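The values are calculated or read from the model by the stated rules, or taken from the named source; none is laboratory data. Small disclaimer: the values here were computed from a predicted structure and weren't measured. Heads up, the Cβs are rebuilt from the backbone with ideal geometry, glycines too, and the neighbour counts pull from every protein chain shown.
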Amino acid sequence: MSRLQGPSLLKRKRPDSNSPSVSLTEHERLLYDLIQSKQDMAIWTRDMKRETNLPDNVVTKSLKSLQTKKLIKEVVNIQNKGRKHYIATEFEPSTEITGGTWYAEGNLDTEFINFLKKHCVKIIYEQKVATLEGVLDTIRRSRAFNIEFTTQQVEEIVNVLVLDNEIMEVKSNGIGEFGSIPVGRVCYTCTNKGGNKGEPKIGAMASIPCGVCPRISLCTPDGIISPKTCVYFSKWLDF
Amino acid sequence: MVTEYGIKFTVNLINNHFGNLVAKVCENLLRRGPLNLQLIVRYTELTPQQVKNSLLILIQHNCVQAFSYEQDGGLEDGPKSNTQYMALFNNILHRMRFSKFLEIISREFDDKCKELLEGLLQHGRLTLKQMVERAKDMAERAKSRKIEGICEDLVQESLVKLLTARYVERCPASEPVLAARDKEETPAKKRGPKSARTAEESQTLEQRVLAAAAPMGAQRFSAITNNESSVSRETSTDDSPGMRVGAKRKYDALELHIEPAAEEEEVVLWRANFEEFIRCLRHKACIENVRERLDDGAATVLRAMLEATRSFENKVKTEKSVPLSLNNIFEEVMKSEEGRGMTLDRVRASLVQLGCSPSARGTDESYKIDLKKIIELAQNDEVESIVLKRYGRDAYRMFRLLSKNGCLVETDKIANTTFVEKKDAPKILYKLWKDEYLHMEKLVVAGARQSQFLLWKVNKPCLWKHVLDEMFHAALNLSQRVAYEREKEKEFLNLPVDKQIMSQEERLNRLKSVRIVLESSLLKLGDAFMLFHDFEESSLLKLDDAIMLSHDL
């Protein structure tokens, strides 16, 4: 953040003021100009102190007063949630700061994401096979959301569904279900889970206590943790 | 891939089947690699007689193969120090799959064949004469007296059937001689989980020994012996192989127990051909995996393809199925009941589903299926399901991302792609790394502000080995728990009746359920071993048949 103009800017007092008519102290003005110069990127308090060379208490006080005058606002930077960032009120924080559509107040908006994920799965399930554009189109037409999604956003959701093993990528062969899709195009279809209530198949290892045991590396035939004394085993074999 | 717990598990198997002396000999051979008799005696601290008897049992059951090196001159101190004994890890592991092998036979053949194989599995190696005697015994026990001649004919007929299907083979040479040039690299090689590379080297030694011992191509499955009549003169009983030979001349005491007869006439020993069973199980696993992942149609097509080309592929772990033309595939699909309803278009669609596009060979389009890929997917499924169960949904997504990408990915990028909270991502990744599920690299970028990035990836060869070792560990635990439950039961039965908390019946029912759970889990784990161990390694078979692979149908 120090890569902008640097101290030279700070020494100059800006005569022009399209800025609010509210009178500002010298320090407040200095800070406000700095914050404003960062535009939608916002600035961290520590960086302000470094760039203005103002003592801590002055900065804190000025920031408070600027906030009450509604000239600046605090924003959460998802890269560093612990660090206080400020931005001039006329700017909306950039997506780099907010994390984009998937974030709400600096946190991952899991509720929204899950809702959208479910919606996409439903679309793909109903259409049997769907291309990315097909999914996007259906979402747009459904009007279930008041946000306009971009192709990239839907792609991100679809990719995560692939990683969830909810859907899988297939290439169209132009036959049967793929009839309407050009040969070779990537499409998505729901994974076959063998009617297991939507849960993926549990492997041989994952279905026994040892497969998921957090202590397996400490378990030895005659040790303190052993198959004879194992509490997980006892629980498992409690008939 | 022989891992630490792999050794522990197989030694435990041997201990359960043949007792602790045999297990001790076996463990030393597994850990130290091929050894001669004196060294085994020294390491095990058993008497030479005990070691000899143990080795005889292990050889009889195909768990140890003897071999020797070509002699350069008279510098060696006599032939007795020259015979090396090598434990065959795979064959020991196969002992837990006998029930599966029998199931295959009983599905494909009649009861007579099943009985014959049962005999071979129980006794390791048998002559025709012994098989006939066994069949007679069985018939007598079943009180259905049959004329001896018929019995012999029946046994021979079954044997020929199994030989044709390659489920039974002639035993390998008892002590093949290897060329001397490799002598230096072999003696007393340490085989441990830490020395993955040496383990691999000694595998090539294992391959060489097995190749040298294997009967010549045509002979291996040929029922014709030079003198079948020798059977009648051969009298050994299988249950005490060690007794007679133990007293023999010292230096070749470890030859097979039929050695005395061999001086006069050649006696042919037969055994189950594990390779064929594994190949069969591999195909089955592929078909079932396809059925689960795709649908019944794809599974039917794959099965038809594998069945049609069965006689043409002779490697255990073929990477790709033999190319077949669409017409041939269709013809084969029609043979099975579930395939009768499929149209040519449906078959073609299934082939595309299976991921194979036609390659033009001559005028006809021909298809082959990437079996290795199917196995890989099944392996992924198994490991991913462990990750899901052990580390949760977020970890599962992250792991799948890295597994798919196959290259290093930075923490934040992982978090973004998988929709995991930025502060949680490093924690989850760290946990996976600590348990050896991920590989991590630090990247320090010196710029205006020095920053450090963490990059992660799934290192499959390493991870697969780790998972396999954990599976062996789990299997060892299961079998020890079974033993423990049995012991507990015995203790309980010794208590006076008034002190018994539960009724006898309740206890027995409980024990039964416990054993069913434990043993069925063990069987399932056995399948997983195959996936990571037996289906993976390069083939041990001769290459002469590989020419047939290119055979165009």
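Some points to look at:
Yes/no matrix, rows are residues, columns are (1) closer than 30 Å to B:Leu523 by Cβ; (2) polar (S, T, N, Q); (3) at pLDDT 95 or above:
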site	(1), (2), (3)
B:Pro426	no, no, no
B:Ala448	no, no, no
B:Phe453	no, no, no
B:Lys460	yes, no, no
B:Ser479	yes, yes, no
B:Arg486	yes, no, no
B:Glu489	yes, no, no
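- Condition met for B:Gly78 (more than 22 Å from the chain's Cα centre (by Cα), modelled with pLDDT under 90 and on the phi > 0 side of the Ramachandran plot): yes
- First in region B:422-441 and basic (Lys, Arg), second anywhere and outside any strand (DSSP E or B), Cβ under 7 Å, 6 or more apart: B:Lys422/A:Ile78; B:Lys422/B:Asp412; B:Lys422/B:Ala415; B:Lys431/B:Tyr391
- Once region B:400-412 is narrowed to residues that are buried (at least 16 other Cβ atoms within 10 Å of the Cβ) and out of contact with any Phe, Trp or Tyr (no Cβ under 9 Å at 6 or more places or on another chain), the residue that is farthest from the other protein chains (Cβ to nearest Cβ) is B:Ser403.
- Scan of region A:73-82 for residues that are under 11 Å from A:Gly106 (Cβ atoms) and touching a residue at least 12 places away in the same chain (Cβ under 8 Å), ordered by number: A:Glu74, A:Val75, A:Val76, A:Asn77, A:Ile78, A:Gln79, A:Asn80, A:Lys81
- Test: residue in region B:332-341 that is within 25 Å of B:Arg282 (Cβ to Cβ), crowded, with 19+ Cβ neighbours inside 10 Å, more than 13 Å from chain A (Cβ to nearest Cβ) and of a type outside the set (Gly, Ala, Ser): yes
- Taking the listed residues A:Phe233, A:Phe149, A:Phe239, the one that is touching a residue at least 12 places away in the same chain (Cβ under 8 Å) and not in a helix (DSSP H, G or I) is A:Phe149, with no other qualifying.
- Scanning region A:23-78 for residues that are of a type in the set (Ser, Thr, Tyr), at pLDDT 85 or above and in a loop (DSSP other than H, G, I, E, B) returns a single hit, A:Thr25.
- Scanning region A:210-221 for residues that are farther than 16 Å from B:Glu485 by Cβ, within 9 Å of chain B (Cβ to nearest Cβ), out of contact with any Ser or Thr (no Cβ under 8 Å at 6 or more places or on another chain) and in a loop (DSSP other than H, G, I, E, B) yields a count of 2.
- Count of residues meeting criterion [crowded, with 22+ Cβ neighbours inside 10 Å and either on the phi > 0 side of the Ramachandran plot or within 10 Å of another protein chain (Cβ to nearest Cβ) (or both)] in region B:420-450: 1
- Top-ranked residue in region B:388-398 [being at the interface with another protein chain (Cβ under 9 Å from one of its Cβ atoms) and surrounded by 22 or more Cβ atoms within 10 Å (Cβ to Cβ); ranked as nearest to B:Met440 (Cα to Cα)]: B:Met398
- The set of residues in region B:126-138 that are outside any helix (DSSP H, G or I) and buried (at least 22 other Cβ atoms within 10 Å of the Cβ) contains only B:Leu126.
- Scanning region A:137-146 for residues that are part of a loop (DSSP other than H, G, I, E, B) and either in contact (Cβ under 8 Å) with a residue 60 or more places away in the chain or within 29 Å of B:Met398 (Cβ to Cβ) (or both) gives A:Ala144, A:Phe145.
- Screening A:Ile157, A:Ile147, A:Ile181, A:Ile225 for residues that are of a type outside the set (Gly, Ala, Ser) and under 30 Å from B:Glu4 (Cβ atoms) leaves exactly one candidate, A:Ile225.
- Only listed residue being buried (at least 17 other Cβ atoms within 10 Å of the Cβ) and away from chain B (no Cβ under 11 Å), chosen from A:Ile124, A:Ile224: A:Ile124
- Scanning region B:4-36 for residues that are touching a His at 6+ places or on another chain (Cβ under 9 Å), surrounded by fewer than 23 Cβ atoms within 10 Å (Cβ to Cβ) and closer than 24 Å to B:His466 by Cβ yields B:Glu4, B:Tyr5, B:Lys8.
- Residue count for region A:184-209 satisfying the condition of being loosely packed, with under 15 Cβ neighbours inside 10 Å, part of a loop (DSSP other than H, G, I, E, B) and either at pLDDT 90 or above or more than 8 Å from chain B (Cβ to nearest Cβ) (or both): 6.
- Search result, residues across region B:436-465 that are farther than 30 Å from B:Glu382 by Cα and basic (Lys, Arg): B:Arg449
- In region A:100-118, the residues that are touching an Asp or Glu at 6+ places or on another chain (Cβ under 9 Å) and either surrounded by 17 or more Cβ atoms within 10 Å (Cβ to Cβ) or farther than 10 Å from B:Phe419 by Cβ (or both): A:Thr101, A:Trp102, A:Tyr103, A:Ala104, A:Asn107, A:Leu108, A:Lys117
- Condition check for B:Glu382: charged (D, E, K, R) and crowded, with 21+ Cβ neighbours inside 10 Å: yes
- Test: residue in region A:160-180 that is in a helix (DSSP H, G or I), more than 20 Å from A:Ala130 (Cα to Cα) and not aromatic (Phe, Trp, Tyr): no
- Test for B:Ser350: is it in contact with a helix residue (DSSP H, G or I) (Cβ under 9 Å, 6 or more places away or on another chain), of a type in the set (Ser, Thr, Tyr) and over 22 Å from A:Leu163 (Cα atoms): yes
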